[in-house]
Amino acid sequence: MEFESPAQAIAAVATLIIHADQIGTLAERDYLFTHVKEHPLFATYDETTFSDLLATTAKQIYQNFPTANEALTPAAINQLIAAINDALPPDLTPTALTIAVNLAQADGLVPAEQTILTQLALGLHLDPQTTHTILNPS
C-alpha cells in the first residue's frame with residue numbers, strides 16, 4: 001500500500017497508535033482534533049474532511065495489511081511503518097513520531113503503544129538524538 005500524501009501517512013500513524021491497544025478513546029480523539037488537525041499539513045481540512053481522512057485511512061490499512069484477531073500482525077506493522085516512511089518527506093518524520101508519542105500519552109501510554117513507538121522511531125530512520133528527545137520529553 002502506498003499513501004497518497006503526507007497527510008494520509010500521518011493519519012496512518014494515528015491509526016497505528018489508536019489501534020495498538022485496540023481501544024480508541026475520547027482523549028485520543030480530542031488530541032487528534034485539537035492538536036494534530038491544527039498542524040499546517042491539515043490547514044485546508046475542516047472537521048468532516050479530517051474525520052473522513054482518518055476513517056478512510058484506517059479502513060484501507062485494515063483491508064491491505066494482514067491482521068490476526070482484528071489486530072495488525074507484527075509483519076503488517078513493519079510494512080505499514082515502511083509505507084509511512086516512504087510517504088513522508090524527511091522534515092516531517094520527527095513530526096510523525098512526536099504526534100505518535102503525544103497521541104499514545106493522551107490516554108495513558110500502554111506497553112503495546114510503547115512497542116509501536118520504538119518500532120516507528122526505528123522505521124522512520126531518525127537520528128538517535130532526535131529519537132531520544134522525542135521519546136523522552138522533559
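Throughout, read-outs are computed from the coordinates displayed, never taken from laboratory work. Just so it is clear, the structure is predicted and the values come from calculations on it, not from any experiment. Cβ: placed from backbone, ideal geometry, glycine included. Neighbour counts: every protein chain shown.
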Residue by residue through the stretch 121-135, the couplings from Karplus 6.51 cos²θ - 1.76 cosθ + 1.60 with θ = phi - 60°, in Hz, x for Gly and Pro, are 4, 5, x, 7, 6, 7, 5, x, 5, 4, 4, 4, 4, 6, 6
Here the stretch 64-73 yields Karplus 3J(HN,Hα) values (6.51, -1.76, 1.60; θ = phi - 60°; whole Hz; Gly and Pro given as x) of 10, 10, x, 10, 9, 6, 6, 10, 5, 6
Full extension between LEU109 and ASP91 adds, at 0.36 nm per residue less the Cα distance, a length in nm of 3.9 nm
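When the helices in the chain are scored as -39500 (n - 2.57) per DSSP H run of 4 or longer and the sum is shared across all residues, what 222 nm value do you end up with, to the nearest 500 deg cm²/dmol? Walk me through the numbers on the way to the answer.
Numbers: 7 runs with 86 residues, N = 138.
Theoretical 222 nm ellipticity from helices: -19500 deg cm²/dmol.
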Per its Cα gyration tensor (rounded if a/c is under 1.5, else prolate when a/b beats b/c, else oblate), the stretch 81-132 is best filed as prolate
Residues whose modelled amide H sits under 5 Å from the amide H of PHE65, counting only those 5 or more places away in sequence or on another chain, are none
Exposure proxy check on VAL13, VAL36: fewest-to-most Cβ neighbours within 10 Å is VAL36, VAL13
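Can you classify the stretch 27-138 as rounded, prolate or oblate using the Cα gyration tensor, where a ≥ b ≥ c are the square roots of its eigenvalues, rounded means a/c under 1.5, and otherwise it's prolate if a/b beats b/c and oblate if not?
On the way: a/c = 1.34, a/b = 1.03, b/c = 1.30.
Judged from the Cα gyration tensor, the stretch 27-138 comes out rounded (a/c under 1.5).
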Placing +1 on each Lys and Arg Cβ and -1 on each Asp and Glu Cβ in the chain, then taking the dipole about the Cα centre, the residue among ASN78, THR44, ILE134 whose Cα reaches farthest towards the positive end is ASN78
Net charge (Lys, Arg +1; Asp, Glu -1) of residues whose beta-carbon lies under 15 Å from that of ILE116, ILE116 excluded, is -4
Exposure proxy check on GLU28, GLU4: fewest-to-most Cβ neighbours within 10 Å is GLU4, GLU28
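Run the numbers on the stretch 1-83 and let me know its relative contact order in percent, using alpha-carbon pairs under 8 Å that are six or more apart.
Working: 49 pairs, mean separation 33.2, N = 83.
About 40 percent, as a whole number.
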Length gained, GLN119-THR56, 0.36 nm per residue minus C-alpha separation, equals 20.3 nm
Of ILE116, ILE77, ILE23, the most mobile residue in a GNM of the chain (C-alpha springs, cutoff 10 Å) is ILE23
Note, the stretch 80-95: 3J(HN,Hα) by Karplus (6.51, -1.76, 1.60, θ = phi - 60°), whole Hz, Gly/Pro = x, goes 5, 4, 5, 5, 4, 4, 5, 8, 9, x, x, 6, 9, 5, x, 4
Ranked by GNM mean-square fluctuation in the chain (Cα springs under 10 Å), the top entry among ASP52, ASP30, ASP91 is ASP91
